[in-house]
Amino acid sequence: AMLRRVIQAANLLHAQGIGPNDTVTLLLPGLPETFIALWAAEIGAVANPVNYFLDATQIAGIMKEAGARALIAADASIFPDIWPKVEAIRKAMPELKVFRIGTDKSVTDAVDFEAACAQQPDDRLIAPKPLARDTVAALFHTGGTTGLPKLAKHTHGALALMAWTNTLMLDLGPGPVLLNPLPQFHVGGSLFGGLAPIANG
């Protein structure tokens, strides 16, 4: 089940030294693992989904502003353009903990996210993060069309409210299938297209 995989991923972040107030950047296209990583980071730390089409310097700038301690990225088996940016970002942020999603075994200096998650318990959070309405879940960046991108804080209360209002507006429930073509580094793709329908089965 997806919930069990999210719990495993949150436990992996904790096992790798990522704390509840640490930021985890995601450079991931539309994959099931993208949502698993996003929600794990939101319940175990602070998620920071970033547009992987930006250049490495811009991504590193956003990550530094967010105080990122970890990066979860797709390798070349999934999206070839991302990993060269990861290597450039690592040079700018050498203390970064890097996780790889994909099957490119030539990358040996990053944690294999899926394999490492499978080693974690899936029935409980090892170190549950206290969650309240005003607890920060994620830092989404703005488009940067009128200047440098800025970070917008999303709280757990705001995410729950948005998922609920989208549910009411679209009459979501178990059964219907929603096609989500929106990028997950955008609130439309992660909330309207992700959290709301998944929360309703």
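Out of residues 5 or more away from K150 or on other chains, whose amide H comes under 5 Å of its own, with H placed 1.01 Å from N in the peptide plane?
T142, G144
Using the Karplus curve 6.51 cos²θ - 1.76 cosθ + 1.60 with θ = phi - 60°, what ³J(HN,Hα) values do you get for each residue of the stretch 17-28, in whole Hz, with x for Gly and Pro?
Those phi angles translate into x, 8, x, x, 9, 7, 9, 10, 7, 10, 10, 9 Hz.
Running a GNM on the chain with Cα contacts under 10 Å, which residue among P176, P20, P84 ends up with the highest mean-square fluctuation?
Sorting by GNM fluctuation, first place goes to P176.
HN-Hα J couplings of the stretch 175-189 from phi, Karplus 6.51/-1.76/1.60, θ = phi - 60°, integer Hz, Gly and Pro as x?
x, x, 10, 10, 7, 10, x, 7, x, 6, 7, 10, 4, x, x
Can you tell me what share of the DSSP beta bridges in the stretch 49-174 is antiparallel? A percent to the nearest 5 is fine.
40 percent
Residues with amide H under 5 Å of D22's amide H, sequence separation 5 or more or different chain, H placed in the peptide plane at 1.01 Å from N; which?
Amide H neighbours of D22: V46.
Between D55 and T103, 0.36 nm times their residue separation minus their Cα-Cα distance comes to what?
So the chain would gain 14.9 nm between D55 and T103.
Multiply the residue separation of A132 and L178 by 0.36 nm, subtract the distance between their alpha-carbon atoms, and state the gained length in nm to one decimal.
13.7 nm
Please compute the contact order of the chain in relative form: average sequence separation of alpha-carbon pairs under 8 Å and at least six residues apart, divided by the residue count, as a percent.
Reported as a whole number, the value is 22 percent.
Can you find, among L31, P128, Q184, the residue sitting farthest towards the positive end of the charge dipole of the chain, where Lys and Arg contribute +1 and Asp and Glu -1 at Cβ?
Farthest towards the positive pole: P128.
Find the centroid of the Cα atoms in the stretch 143-201 and in the stretch 42-79, then give the distance between the two in whole Å.
After rounding, the separation between the Cα centres reads 19 Å.
In debye, nearest 20: dipole of the chain around its Cα centre with unit charges on the Cβ of K, R (+) and D, E (-)?
340 debye
Quick one: divide the alpha-carbon radius of gyration of the stretch 148-199 by 2.2 N^0.38 Å and tell me what you get.
Normalised Cα radius of gyration, the stretch 148-199: 1.19.
Taking θ as phi - 60°, what are the ³J(HN,Hα) couplings along the stretch 125-142 by the Karplus curve (6.51, -1.76, 1.60), each to the nearest whole Hz, with x for Gly and Pro?
Once rounded to whole Hz, the list reads 7, 5, 9, x, 7, x, 10, 10, 4, 9, 5, 6, 9, 8, 10, 9, 8, 6.
Can you tell me what percent of all Cα-Cα pairs in the stretch 72-156 are more than 15 Å apart?
Beyond 15 Å sits 72 percent of the P(r) for the stretch 72-156.
Only the coordinates and a few stated rules stand behind these numbers; no lab work does. Quick caveat: nothing in here was measured; it's all calculated off a predicted structure. Please note: Cβ atoms are built from the backbone with ideal geometry, for glycine as well, and neighbour counts cover all protein chains shown.
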